[in-house]
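Worksheet: the structure to be examined is printed underneath.
Every read-out reported here was derived from the displayed coordinates using simple, explicitly stated rules and does not represent laboratory data. Since the model is a prediction, treat every value here as computed from it, not as a measurement. Reconstructed Cβ throughout: ideal geometry from the backbone, glycine too, with neighbour counts over all protein chains shown.
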Amino acid sequence: MISVLYLLLATIQGTAPQSATGIAIERALAERFDLGIGDTVRLGASPDSLQRLAVVTAIYEPRPDPAEISRYALRVRLHLPDLAGLLGTPDRVDRFGVGLTPGVPADSAVAVLNRSAFGFRAHPSAAIASESSQTFKVVSRFHRAIAVITIVASAVFLLCIMLLKVEERRMDAAVMRFVGVRRRTIFGALVLEAALIAVLGSAIGAGLAFLAGAATNSYYRRFFDTELIFSLITPRILLFSICLSLLLGLAAGAAAAWRLVRTRPMVLWGRA
């Protein structure tokens, strides 16, 4: 069984004795202290207790975890007996995981363990994950609020743009009305133009979003030295954005076009 502990290391020279403890260190630690497999180090729980020799037997890449993205400590993994001997606290653990056979409900197993528990408390992994991700839920809600405000502001801006664009077509609309073009035809043409503009804007916006996401991931992955994905654009987000853009564009175009076709031709011509 493997446990995790934050320890101090002091690299030493020479060949380690047979009794040396085997440890696994994470890649960032190996790169920072220029350690490799077979190197010998001293372990201890405090700076004045670096007594135990250990040999690096493995270098591993930790699983990306958003909850630990800002941590500055580096990990060393030891077998549980070696860790207990190093700390001088045998038969003692802070926490451990229990795997269940497929099909066994986690809640039922937790209830059974807690009924027979003495000195420990069992929790389902989903509850622990939910509790530890409260900060990210708050950030997610904050981003959702910003998104709603942005959408409302962009809808107002889009409506203003469409009104200005339609106002530029007043003379064209007046001429079409004079030659007998129906209001429905003019209305449909203006709405179709608004839909095309919305689709083009969606394509440009999606391209900018992909470029911004790639730049964000590139910078923060290098800054935090991690494989976490900081910006993710899923097909669901992309489809929602395109549909919303098209809907807002059609609504703004229809409102502007309806205002134009209801105006009398002479007013549009500027003679009344």
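General remarks:
- Near residue 231, the amide H atoms lying under 5 Å from its own belong to 217; only residues 5 or more places off or on other chains count, and H is placed 1.01 Å from N.
- Think of the chain as having a plus end and a minus end, set by charges on the Cβ of Lys, Arg, Asp and Glu; of 230, 110, 242, 242 sits farthest toward the positive end of this dipole.
- Loop trypsin sites (Lys or Arg not before Pro), segment 90-124, which have at most 12 other Cβ atoms in a 10 Å radius of their Cβ (DSSP): 92, 95, 121
- At the listed q of 0.13, 0.17, 0.19, 0.20 Å⁻¹, the Debye profile of segment 89-228, built from one uniform point per Cα, gives log10 I(q)/I(0) equal to -0.89, -1.11, -1.20, -1.25.
- The loop-placed GluC sites (Glu not before Pro) in segment 149-198, going by DSSP, that have at most 12 neighbouring Cβ atoms within 10 Å of their Cβ come out as 168.
- Given +1 at the Cβ of Lys and Arg, -1 at the Cβ of Asp and Glu and no other charges, the dipole of the chain around its Cα centre is 1960 debye to the nearest 20.
- Distance from the C-alpha centroid of segment 171-190 to that of segment 85-161: 59 Å, rounded to the whole angstrom.
- Least to most buried among 59, 37, 25 (fewest other Cβ within 10 Å first): 37, 59, 25
- Here the Karplus curve 6.51 cos²θ - 1.76 cosθ + 1.60, taken at θ = phi - 60°, turns the phi angles of segment 85-95 into couplings of x, 5, 7, x, 10, x, 6, 9, 9, 7, 7 Hz, with x standing for Gly and Pro.
- Stokes-Einstein D for the chain, Kirkwood Rh over Cα pairs, 20 °C, 1.002 mPa s (µm²/s): 84
- Farthest toward positive dipole pole in the chain [+1 Lys/Arg, -1 Asp/Glu at C-beta], among 99, 174, 83: 174
- At most 12 other Cβ within 10 Å, DSSP loop - trypsin sites (Lys or Arg not before Pro), segment 38-71: 71
- The ranking of 55, 267 by Cβ neighbour count inside 10 Å, starting from the fewest, reads 267, 55.
- For 40, 135, 101, 57, order by how many other beta-carbon atoms lie within 10 Å, fewest first: 101, 135, 57, 40
- Positive-end residue, the chain charge dipole about Cα centroid, Cβ charges, pick of 49, 152, 73: 152
- Secondary-structure-derived ellipticity at 222 nm for the chain, considering helices only, amounts to -18500 deg cm²/dmol, per-run term -39500 (n - 2.57) for DSSP H runs with n ≥ 4.
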